[in-house]
Each structure stands twice: as C-alpha cells, then as structure tokens.
Amino acid sequence: MTEVLTGLVISNVGKGATVEFEQHIYLCQSLRKVATLAAGDKVKFTIVAKDQGRIEELLPRKSILERPSKGAKTRTVATNIDQVFVVFALEPFCDFLLIDQYLAICENRNITPLLVYNKSDLAHSDIIEKELLNYQSLGYPLLRVSATNNNGIKELRSLLVQKISIFTGQSGVGKSSLTNALLPDKELKTNTVSATTKHGRHTTTAATLYHLPEGGDLIDSPGVAIFGLAGISENQLAHGFREFQSYIDLCQFNDCKHDKDKGCAVREAVATGEITTARYQRFLKLREKM
Ligand SMILES: Nc1nc2c(ncn2[C@@H]2O[C@H](COP(=O)(O)OP(=O)(O)OP(=O)(O)O)[C@@H](O)[C@H]2O)c(=O)[nH]1
Ligand SMILES: [Mg+2]
Ligand SMILES: [Zn+2]
C-alpha cells in the first residue's frame, strides 16, 4: 500500500499543484480537486511516480483569500494566511480604494492587515501622508520600506517570523522586489511564476509560497487580480470599515445601507468628523461596485 503523506501546496500551476514534502517538490494532480487548491493549502497525497503525486484530501483551512472568476464564481488565491501586507507606493500612485478593499476583506476574514509603504526612497506626498495618518489612527500598523535601498527591510522581516503572510497591492508597487529582498537565495525567484509581459517587465502570474530563513512563509501573489470583494456581503463591507463598527448598531433601521437612509448613525459620524469623508466616499464606491 502506498503511504499517505501530508504536504504543503506551494503553488497551483494550472496543470497541477506543486506540493512540498520534506524539502522535495511533487507535481500533484487529482481528478476533481486540483483546480481549487492554492498556495498555503495542506493536503494528504501519495507519490505515484518520480516527482509526481496524487492529492487524496484537502485538509481544513484556517483562512481563505479568493478572487472573482468567470461568472459569479470565485477562485481561491491563497489559504491559511495569518497576515496580509498591503503594499503601495508613490509610483504607481497609491490607490486608496484598493487599500480599503483589502482592509475590508481582512476585517471579515480574521486576517491581520498591515500597510507597507514601499519605495520610500522616492519623493514625499502630502496626499498620501494625510491618508496614512488616518489609517494609523484607526490602528493599522504602517511600515515604510524600500526594496531598493533596504530601508525598513529588517523590521519587515521581523514581522514575518512564524506566520504565513501575503503581499498584495497594485501591479508595480514592488511586491516581488520586496520578496527578493527578504529571501536569502535569489535563485528562489522561480521563473515559472514570472512571465515577461509585453512591456518586457516581470509580472507575477501565480501565487507562490516561499519559506523564510527565520521561519515563517511568504506568499508572493499577482497584483491587482487577487481577492476582489468576492464572497463579501454589503453588511460585511460596512463592517470591514472598522471605524463604522460602533455606529452600525445605532442606525435607525436594521437594513440601513448607510447611504441616504433616514437615521443613519454612520452618516451622522461623517458629518461630525468622527469618520473621514474620504473613507466614507470610498465605502459608497465599493458598495456600488459590488
Ligand atoms: N525606487 C524604487 N523602485 C522600486 C522599489 N521596489 C521596487 N521598485 C521597482 O518597481 C518596479 C516593479 O516592481 P515589482 O517588484 O515587479 O512589482 P510587483 O508589485 O511585484 O508587480 P506585479 O508582479 O506586476 O504585481 C520594478 O521596476 C522595481 O525595480 C523601491 O523600493 N524603490
Ligand atoms: Mg510581482
Ligand atoms: Zn446607517
């Protein structure tokens, strides 16, 4: 009888999932389940040939990040994540709507979000600084880093120990550059997951898990494609704006949409300045997008 092993999914490469067991990688298939597997999954598998295996069972997940797929479907991007590092920069200019979307998802998925301002070697922006002050007052940790001059990398590294973390953010903000700055062996930057785009730039196409020398794992994921608002309800979106939480219960109506509704405590808090207009406007925009 073949032995059933417990492995860790490193990446879903389309034609199968790469599964790690005792520092060895097996390309695994299963008739039904392989499409749903993602980086971070723990699976039971059997070895069927040299470097090849078959997935027998998917083990329970602690958390899951999904992205929208064809039709109303969703696709799993990564699982068992402890913390999401939301990476942004001056260039391409920081998309706060996207940041709020990531934060809202983390609030609902019990994942710790942290903000990472990369390319801190570039110029200062008053617009960005103003928003960052607000995020910090809401309790979101903020790190200023630069993959170019290694500023802040040590602190970033210390936050990754013993956790499964993922970098997310717009394409071009430097997620892969930061991953490379953190990994000791540049060879680990597998070319199988990076395809040269027509602009001649390397862009990440599949979420891939990397082990860190200090312990802990890092998943490098494709840019903006990752986790849309897939699987989140309107109520969860409102809850995902953490400063709304204490007001939601005070709204006059249970089914308050926090828009033009009568007796909305959230809108009232915007009027008195307890919730910033910027965050509230972005909430309305995201709700419209759903
Ligand atoms: N000035 C400066 N440029 C940086 C820094 N980090 C990354 N870059 C540059 O930004 C560009 C994009 O970096 P990537 O690491 O490929 O960005 P990414 O977020 O992985 O992009 P996708 O894989 O497309 O999502 C590259 O040209 C990097 O050299 C930084 O700290 N400072
Ligand atoms: Mg990348
Ligand atoms: Zn309301």
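The values are calculated or read from the model by the stated rules, or taken from the named source; none is laboratory data. What you see is a predicted model, and the numbers here were worked out from it, not measured in a lab. A quick note on method: Cβ atoms are made from the backbone with ideal geometry, for glycine too, and the neighbour counts reach across all protein chains shown. SASA here: full protein model, heavy atoms, side chains in, ligands and nucleic acids out. Shrake-Rupley method; radii C 1.70, N 1.55, O 1.52, S 1.80 Å.
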Counting only DSSP beta bridges fully inside the chain, the antiparallel percentage to nearest 5 is 60
For K175 the rounded accessible area (nearest 10 Å², probe 1.4 Å, non-protein molecules ignored) is 10
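Explain nothing, just the number: dipole magnitude of the chain about its Cα centre with +1 on each Lys and Arg Cβ and -1 on each Asp and Glu Cβ, in debye rounded to the nearest 20. Please report the intermediate quantities before stating the final value.
On the way: 35 positive and 32 negative charges, 167 e Å.
So the magnitude is around 800 debye.
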Mean projected area (nm²) from the convex hull of Cα positions in the chain is 17.2
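Relative contact order of the stretch 5-58, please, whole-number percent, based on alpha carbon pairs below 8 angstrom and at least 6 residues apart. Can you show the working numbers first?
Values: 118 pairs, mean separation 19.4, N = 54.
Once divided by the residue count of the stretch 5-58, the mean separation gives 36 percent.
Filter the cross-link list K119/K289; K175/K285; K15/K163; K15/K175; K260/K289; K119/K154 down to pairs whose alpha-carbon distance in this structure exceeds 19 Å.
On the way: K119/K289 30 Å; K175/K285 26 Å; K15/K163 28 Å; K15/K175 25 Å; K260/K289 17 Å; K119/K154 15 Å.
The answer is K119/K289; K175/K285; K15/K163; K15/K175.
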With every protein chain kept in place and a 1.4 Å probe, the chain has an accessible area per residue in Å² of 51
Applied in sequence order to the stretch 118-134, the curve 6.51 cos²θ - 1.76 cosθ + 1.60 (Karplus, θ = phi - 60°) yields integer Hz couplings, x standing for Gly and Pro, of 8, 6, 5, 6, 7, 5, 7, 10, 4, 4, 5, 4, 5, 5, 5, 4, 5
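For n ≥ 4 DSSP H runs only, could you compute -39500 (n - 2.57) per run for the chain, divide by its residues and tell me the 222 nm figure to the nearest 500? Let's see the in-between values first.
Details: 8 runs with 72 residues, N = 290.
Value at 222 nm, helices only, nearest 500: -7000 deg cm²/dmol.
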Sorted by chain and number, the residues with a modelled amide H under 5 Å from that of V48, at a separation of 5 or more or across chains, are G53, R54
Relative contact order of the chain (C-alpha contacts under 8 Å, at least 6 apart) in percent is 16
When the charge dipole of the chain is computed with +1 at the Cβ of Lys and Arg and -1 at the Cβ of Asp and Glu, the Cα pointing farthest to the positive end, of I99, A278, F45, is that of F45
Phi angles of the stretch 78-92, converted by Karplus (6.51 cos²θ - 1.76 cosθ + 1.60, θ = phi - 60°) into ³J(HN,Hα) in whole Hz with x for Gly and Pro, give 7, 9, 6, 7, 8, 9, 10, 9, 8, 8, 8, 7, 6, 9, x
Taking the convex hull of the alpha-carbon atoms of the stretch 216-290 and averaging its shadow over every direction gives an area in square nanometres of 6.7
Over all viewing directions the Cα convex hull of the stretch 5-58 casts an average projected area in nm² of 3.0
HN-Hα couplings for the stretch 141-150 via Karplus (6.51, -1.76, 1.60; θ = phi - 60°), in whole Hz with x for Gly/Pro, come out as x, 10, 10, 9, 9, 9, 6, 6, 10, 6
Computed for the stretch 234-289: size of charge dipole around the Cα centre, +1 on C-beta of each Lys and Arg, -1 on C-beta of each Asp and Glu, debye to nearest 20, value 260
